[in-house]
Amino acid sequence: MAKILSLFIMVTSLLVFSPTLCLSSKTNYYGYLYPQFYDWSCPNAKEIVKSVVAKAVTREARMAASLLRLHFHDCFVKGCDVSLLLDSNGPIISEKLSNTNRNSARGFEVIDEIKSALEMECPQTVSCADILALAARDSTVLAGGPSWEVPLGRRDSRDASISGSNNNIPAPNNTFDTILTKFKLKGLDLVDLVTLSGSHTIGNARCTSFKQRLYNQSGNNLPDYTLDQSYATELRTMCPKFGGDQNLFFLDYVTPTKFDNNYYKNLLASRGLLNSDQILVTKNQATLELVKLYAENNEIFFDQFAKSMVKMGNISPLTGYKGEIRKNCRYMN
Ligand code: HEM
Ligand SMILES: *[C@@H]1O[C@H](CO)[C@@H](O)[C@H](O)[C@H]1NC(C)=O
Ligand SMILES: *[C@@H]1O[C@H](CO)[C@@H](O)[C@H](O)[C@H]1NC(C)=O
């Protein structure tokens, strides 16, 4: 009898306290995120996100990179609350207009497409913030990278911060210390910095994002000598001193659409495209050691990438009754 009673207590306490068994999960009462959040309220949510992302990446391989980057640019500004996705409207000035995002951030139409599909399946249930976190994971997997379980239950912001977008997101010509500081302000460390920079194994950058390195790195009309000089010569043909600012270049010119550790190999060959990439091997011994480790061992890179992405995805989410579930990711309700 005592055995049955204690079993009963165990089962009820599981039902009451375990978020994984919670039947109604439209609102995240727990204040933290967990992967099973939509298992009852929208069981097909993850599949729907994955299928729309897969279609988009089939249309254009670069889309995987663009969606991954959107999640980063969201999380570094007021947390992972999709303040980034709001268009300018009334008092809102869109973060899409910031220096970092203007003519650069892309993939918003794919998020819209996912949201429409989810609104048909389960209206006003799945947040745009969770859609973006799932899309970043699916993109990584589709490009050949690691997978991870995405903690869910984020809600969507009712405001945006263009100044946060301009100031919190690292710029390619920031110093090593500035970039590390910007990561630490978000609760991320040196390991997260080196690991998440590995995202630059896929996707593109515009000429304007690295031109300074080719012509006038330190204001004395000389190039950056930490950049392999024959690679620099190649880059100059499509990234001239004057003009060509929007021309596109692969961040990892060896395997541009494959998520792998080639980015780190490029860095060791002085062939990182951005200044912010190359300084991981030229400015700090600890980051150099990690770059060497990842260049040698893809598995260690993948394992840590999954962990660091979960960590980034946990930056100050809105939960409980905070924020809202937007009907359209571009506008608050
Ligand atoms: C460490 C500091 C970082 C700096 C300074 C930086 C800077 C940049 C710049 C300048 C571009 C090219 C933008 C353009 O020219 O239009 C870029 C692209 C990209 N970044 Fe970063 N980034 C950083 C970290 C990250 C992180 C943490 C992630 C993801 C977790 C990420 C993912 C990407 C991706 C995937 C692209 C290619 C996007 C596309 O092709 O549409 N970056 N980044
Ligand atoms: C970094 O780039 C921005 C935008 O091109 C520019 O305004 C700024 O002066 C640059 N900073 C340094 C230290 O070169
Ligand atoms: C190189 O940079 C310095 C300092 O930013 C600037 O004064 C100079 O005009 C630049 N040179 C050219 C050719 O743009």
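Let me check against my output: what whole-number percent is the relative contact order of the chain, with C-alpha pairs under 8 Å and at least 6 apart?
This gives 24 percent for the chain.
For the chain, with the dipole built from +1 on Lys and Arg beta-carbon atoms and -1 on Asp and Glu ones, taken about the Cα centre, which of Asn99, Asn275, Thr233 lies farthest toward the positive end?
Selected residue: Asn99.
Beyond 30 Å, what share of the Cα-Cα pairs of the chain is found? Please give it as a whole percent.
37
Quote to one decimal, in nm, the extra length available between Glu296 and Glu121 on full extension: 0.36 nm per residue of separation minus the C-alpha distance between them.
Extending this stretch completely gives an extra 58.6 nm.
Within 10 Å of each residue's Cβ, count the other Cβ atoms and sort Tyr264, Tyr38, Tyr294, Tyr253 from fewest upward.
Tyr253, Tyr38, Tyr294, Tyr264
Out of residues 5 or more away from Leu318 or on other chains, whose amide H comes under 5 Å of its own, with H placed 1.01 Å from N in the peptide plane?
Answer set, sorted by chain and number: Arg155.
Using Cα positions and a limit of under 27 Å, work out the lysines in reach of Lys265, with same-chain residues fewer than 8 apart set aside.
Lys182, Lys184, Lys211, Lys283, Lys292, Lys307, Lys311
Under 1.5 on a/c is rounded, so check that first for the stretch 51-143, then, if it is not, pick prolate when a/b is larger than b/c and oblate when it is not; a ≥ b ≥ c are the square roots of the alpha carbon gyration tensor eigenvalues.
Here the stretch 51-143 falls in the oblate category.
Report relative contact order for the stretch 119-271 in percent, whole number only (criteria: Cα-Cα under 8 Å, sequence separation at least 6).
Result for the stretch 119-271 is 24 percent.
Where is the GNM fluctuation largest for the chain (alpha-carbon springs, 10 angstrom cutoff): Ala64, Ala129, Ala269?
It is Ala269.
Just check the stretch 203-333 against the gyration tensor rule for me: Cα atoms, a ≥ b ≥ c as the square roots of the eigenvalues, rounded for a/c under 1.5, and otherwise prolate or oblate depending on whether a/b exceeds b/c.
Oblate.
Only Cα pairs under 8 Å and at least 6 apart count here; give the relative contact order of the stretch 63-108 as a rounded whole percent.
For the stretch 63-108, the relative contact order is 35 percent.
What full-extension length gain, to one decimal in nm, is calculated for Glu289 and Glu113 as 0.36 nm per residue of separation minus the Cα-Cα distance?
Computed gain between Glu289 and Glu113 is 59.2 nm.
For the chain, set up a Gaussian network in which alpha carbons nearer than 10 Å are linked by springs, and say which option among Leu180, Leu132, Leu70 fluctuates the most.
With Cα springs under 10 Å in the chain, the top fluctuation among Leu180, Leu132, Leu70 is at Leu180.
Sorting Trp148, Trp40 on the 10 Å Cβ count, fewest up front, what's the list?
Exposure proxy ranking, most exposed first: Trp40, Trp148.
What residue among Pro170, Pro146, Pro91 has the largest mean-square fluctuation in a Gaussian network model of the chain, using Cα springs under 10 Å?
In the Gaussian network model the winner is Pro91.
Starting with the fewest neighbours, write out Ser308, Ser230 ranked by other beta-carbon atoms found within 10 Å of each beta-carbon.
Ser230, Ser308
Give me the net charge for the shell around Ser199: Cβ to Cβ below 11 angstrom, other residues only, Lys and Arg +1, Asp and Glu -1.
Taking every other residue near Ser199 into account, the sum is -1.
Using the Karplus curve 6.51 cos²θ - 1.76 cosθ + 1.60 with θ = phi - 60°, work out ³J(HN,Hα) for each residue of the stretch 312-318 in order, rounded to whole Hz, and write x for Gly and Pro.
Whole-Hz 3J(HN,Hα) from phi for the stretch 312-318: 5, x, 8, 5, 5, x, 8.
Work out the length of the dipole vector of the chain about its Cα centre, built from +1 on the beta-carbon of each Lys and Arg and -1 on the beta-carbon of each Asp and Glu, and round it to the nearest 20 debye.
It comes to approximately 380 debye.
Readers should treat all values here as calculations from the given coordinates under stated rules, not as data from a laboratory. For clarity, every value in this text was computed on a predicted model and none was experimentally measured. No Cβ is skipped: glycine too gets one built from the backbone with ideal geometry, and neighbour counts run over all protein chains shown.
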